[in-house]
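*Asks:* Structure incoming, see below.
The values are calculated or read from the model by the stated rules, or taken from the named source; none is laboratory data. No experiment lies behind these values; they were computed from the predicted model shown. Positions of Cβ are backbone-derived with ideal geometry, glycine not excepted, and every protein chain shown enters the neighbour counts.
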Amino acid sequence: MGNRILLLDECGDPSVGINSQLCSSGFVTELFRNLDQGVLRLQDSSQELVVILARPAAAVRQCVAIRRACTSPIIVLLCDIDDGPSNRDDVVSACLDAGATSVLPASLGRRELAARVAATIRSSRRMGSQQYHRRSSELAQLAIDKAGHSVSISGSRLALTRTEFRLLLALARRRGRTAESSELVSEVWGAAADNRHKSLRLHIGQLRKKLEADPKSALTVVNRRGFGYRLAKAAGP
């Protein structure tokens, strides 16, 4: 594959296994065990992807530093989460808010890890700079208050359920890029959720109806069959 990946690990030995898995799947990696050194490397050279192996207490800090240094997608692999689902969800949400593209358990098998890494790189490549700016302008009317869990479109409040809000936030983060269904399931229901695809379709449908029903909204959710969903400008009358 030859994809350039920066692997950051301040945890210790587990990354040897992660690094080996990525290399055996054909990826080209650079391993850093110090955040500052990793940030300096990102400032000096471009990477197609950053993979962070982190404990929950350090994950958000690392995401913030990496996101400041580059615009590459970030996959966070969380290890040592043993405080229950609520703590896991808090960490996942905080990492995503800090700029992570996806947050996954470090215990992923080699094949699934390789597939998710490859999918993230493909998704990033699809987003050309012109397409990025065009789609960003289409979403300019959308305002999301993450702290207040509220959404407004051209100044008009949009009533959403908690799940719909998290879905919209996940789609908006991508600024018009398509999000794979598995990524949305992981971000909305947690990294361990693997049987929520039917629920995803249901909630996407409800979110789409609310967006299209708002008279001030020119947005909709587009389904790329077999791949995922993205926010887009609704077709005119």
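*Asks:* Using beta carbons and a limit of 8 Å, which pairs, at least six apart or on different chains, have the first residue in segment 198-218 and farther than 25 Å from residue 186 by Cα and assigned by TED's automatic domain parsing to the domain that holds residue 161 and the second one of a type in the set (A, V, I, L, M, F, W, C) and in a helix (DSSP H, G or I)?
*Replies:* Close Cβ pairs (under 8 Å, with a partner that is of a type in the set (A, V, I, L, M, F, W, C) and in a helix (DSSP H, G or I)) amount to 217/211.
*Asks:* Considering only segment 121-140, I want to know if a residue exists there that is more than 30 Å from residue 24 (Cα to Cα), modelled with pLDDT under 80 and in contact with a Ser or Thr (Cβ under 9 Å, 6 or more places away or on another chain).
*Replies:* The answer is no, given that none of the residues of segment 121-140 is more than 30 Å from residue 24 (Cα to Cα), modelled with pLDDT under 80 and in contact with a Ser or Thr (Cβ under 9 Å, 6 or more places away or on another chain).
*Asks:* Restricting the search to segment 154-188, which residues are over 28 Å from residue 118 (Cα atoms) and surrounded by fewer than 18 Cβ atoms within 10 Å (Cβ to Cβ)?
*Replies:* Across segment 154-188, the qualifying residues are 154, 155, 156, 157, 159, 161, 162.
Yes/no per residue for (1) outside the structural domain of residue 117 (by TED's automatic domain parsing); (2) part of a helix (DSSP H, G or I); (3) touching a residue at least 60 places away in the same chain (Cβ under 8 Å):
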{"site": "17", "(1), (2), (3)": "no, yes, no"}
{"site": "21", "(1), (2), (3)": "no, yes, yes"}
{"site": "29", "(1), (2), (3)": "no, no, no"}
{"site": "36", "(1), (2), (3)": "no, yes, no"}
{"site": "39", "(1), (2), (3)": "no, yes, no"}
{"site": "43", "(1), (2), (3)": "no, yes, no"}
{"site": "47", "(1), (2), (3)": "no, no, no"}
{"site": "53", "(1), (2), (3)": "no, no, no"}
{"site": "57", "(1), (2), (3)": "no, yes, no"}
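*Asks:* While we're on this one: From (1) of a type in the set (D, E, K, R); (2) at pLDDT 90 or above; (3) touching a Leu at 6+ places or on another chain (Cβ under 7 Å), pick out the condition that doesn't hold for residue 10.
*Replies:* (2)
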